[in-house]
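Comments concern the structure below.
The values are calculated or read from the model by the stated rules, or taken from the named source; none is laboratory data. As the structure is a computational prediction, the values presented were derived from the model and not from experiment. Because the Cβ atoms are built from the backbone with ideal geometry, glycine has one as well, and the counts that use them run over all protein chains shown. Side chains are part of the model used for accessible areas, which takes the heavy atoms of the whole protein and leaves out ligands, DNA and RNA. Shrake-Rupley method; radii C 1.70, N 1.55, O 1.52, S 1.80 Å.
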Amino acid sequence: MRFLLPGRRGGAGLSGLSLLRSPRIARRGNWRLTGCRGAAFVALLLIAGCGGPGAHEARRPRGVGLPSALAGPALGLTEDNADLLWSPSTLVPTGGEQFQAARALLSALHPTYIRLLVDWAALQPRPGLAPSLEDPVDGCARGVGPCGAYRGLRDELAAIASQQRAAPGSFQVVLDIFGVPAWAAEAPHGCESAGTAAFARPLRAEAIAAYRGLIASLLQVGASEGVPLSWWSPWNEPNDPRFISPQHAVCEETQAPLSPGVYAQLTRAMSEALQAHPPTHHMILGELNDLQLDSPHTTSVASFVSALPADVLCLGSVWSIHAYAARHPSSAPLNGVAALERALDARGGCAARAPIWVTEAGAGAPHPGRARPSSRADELSGCEALAVQLLGWYRDSRVQAVFQYSFREDPAFPVGLESAALDHLYPSYRLLRAYAQARAARRLPPTPAAGCA
């Protein structure tokens, strides 16, 4: 997922991890499966994908937006700007004509899911006060216009409600929480990098009640806007020190990681909070950064899953990982989805054959998250690399949803479908629109050449 900076709310930046988009955190580089152009795509298409069909564990929800294997993974988006989320048929005050045009483009993707990043640190900066779910947001993309003020998460949900009325079954909300308020964080300890903020530290034991309170507040505002909040993620990228720190008690990667225990505490608390508020809700476990190797400050996908308590493995319906299209020659040919599948199957029981969602994907620079080269050729190359990923995930029956991060470009992690200024559409938009159309018609996904041209 992209990196959000803590303490910021609104604009094109809270999704996919609000943390990653927050002003305090800069999106890291990712290591992803590389793509290439021309004849080499033929070979990639033949080998893309892994995994196979199989029964999922008994806790898998039925009929709650999970796509048919014939149709391929459902499409999701991370986007938190209310002006972009309203149905084009709804008459509402907007930030201007550019928002209206962009709203039509976003709606044309017909996403099954819309992922909202919930920056707790920004929403509840002081103890004893309720989370501020409708504080005004300027609607800029980290200072880049066009802008248009709206009432935070409440208006985001109101806009989503208009989409759900226009197309039932679409825009199902996925909430991903991150960011520890300073008053709720433990003191510095363990193997931390210089400059680590409270935002990333574990919760103090007495703050768990406030975390449950945040969940209750979100459910309340969802109910008041008529939007079911069915899908929940306890924490964003828990194996990354930008969201949970420290990862280890001492600076040695051979030591047992601390983050799985911290994540287990949050997951159990969310499960208890959701069970207290029927109807049924579903948890998405993981939201992992695609890290393949352990280090003093990070935890690999395999080590994180291996260290989770057994009861936590059974609390969620699906597992998720973040995977961006990388093209740099030094990028290792690693497949984060395959690594997660292997780690889950090794645990057995509730984890074996669990469905996978790729909750952050996208194409930008050869090193995802860095500044985009200003050339049409590079835009096409990135789009084609994303197309190869989509084809691979289509062939993997366990991958049931893929989320683009983000629609409007986040200047801190530029892999969006439209520029931050809303004046340039990237080829990856055409690819995802073609994918959505093919999925609706139960056709094969578009090839790189056809989808990105």
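Values for this structure:
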{"quantity": "Condition met for residue 401 (crowded, with 24+ Cβ neighbours inside 10 Å and under 14 Å from residue 71 (Cα atoms))", "calculated": "yes"}
{"quantity": "Flag for residue 86 being open to solvent by less than 10 Å² (accessible area, probe 1.4 Å), in contact with a helix residue (DSSP H, G or I) (Cβ under 7 Å, 6 or more places away or on another chain) and touching a residue at least 24 places away in the same chain (Cβ under 8 Å)", "calculated": "no"}
{"quantity": "Qualifying positions in segment 276-302 - under 30 Å from residue 219 (Cβ atoms) and either in a loop (DSSP other than H, G, I, E, B) or not aliphatic (A, V, I, L, M) (or both)", "calculated": "276, 277, 278, 279, 280, 281, 282, 286, 287, 289"}
{"quantity": "Test result for residue 444, of a type in the set (A, V, I, L, M) and buried (at least 24 other Cβ atoms within 10 Å of the Cβ)", "calculated": "no"}
{"quantity": "Any hit, segment 305-315, residues being surrounded by 15 or more Cβ atoms within 10 Å (Cβ to Cβ) and out of contact with any helix residue (DSSP H, G or I) (no Cβ under 7 Å at 6 or more places or on another chain)", "calculated": "no"}
{"quantity": "Residue check for residue 215: under 23 Å from the mean Cα position of the chain (by Cα), assigned to a helix (DSSP H, G or I) and surrounded by 24 or more Cβ atoms within 10 Å (Cβ to Cβ)", "calculated": "yes"}
{"quantity": "Number of positions in segment 176-229 that are touching a His at 6+ places or on another chain (Cβ under 6 Å) and within 26 Å of residue 156 (Cβ to Cβ)", "calculated": "1"}
{"quantity": "Matching residues, segment 83-104, being among the acidic types (Asp, Glu) and modelled with pLDDT of 90 or more", "calculated": "83"}
{"quantity": "Residues that are closer than 23 Å to residue 118 by Cα and out of contact with any strand residue (DSSP E or B) (no Cβ under 9 Å at 6 or more places or on another chain), drawn from segment 278-298", "calculated": "278, 279, 280"}
{"quantity": "Tally of residues being acidic (Asp, Glu) and within 20 Å of residue 413 (Cβ to Cβ) across segment 133-159", "calculated": "2"}
{"quantity": "Residue within segment 265-273 that is open to solvent by 10 Å² or more (accessible area, probe 1.4 Å), under 23 Å from residue 197 (Cβ atoms) and in a helix (DSSP H, G or I) present", "calculated": "yes"}
{"quantity": "Close pairs from segment 441-453: first of a type in the set (S, T, N, Q), partner not in a loop (DSSP other than H, G, I, E, B), Cβ under 8 Å, at least 6 apart", "calculated": "447/41; 447/45; 447/387; 447/391"}
{"quantity": "Flag for residue 277 being open to solvent by 10 Å² or more (accessible area, probe 1.4 Å) and in contact (Cβ under 8 Å) with a residue 40 or more places away in the chain", "calculated": "yes"}
{"quantity": "Condition met for residue 347 (open to solvent by 50 Å² or more (accessible area, probe 1.4 Å) and in contact with a helix residue (DSSP H, G or I) (Cβ under 8 Å, 6 or more places away or on another chain))", "calculated": "yes"}
{"quantity": "Residue check, residue 228 farther than 30 Å from residue 245 by Cβ, open to solvent by 10 Å² or more (accessible area, probe 1.4 Å), assigned to a loop (DSSP other than H, G, I, E, B) and touching a residue at least 40 places away in the same chain (Cβ under 8 Å)", "calculated": "yes"}
{"quantity": "Count - residues of segment 417-435 that are assigned to a helix (DSSP H, G or I) and surrounded by fewer than 18 Cβ atoms within 10 Å (Cβ to Cβ)", "calculated": "1"}
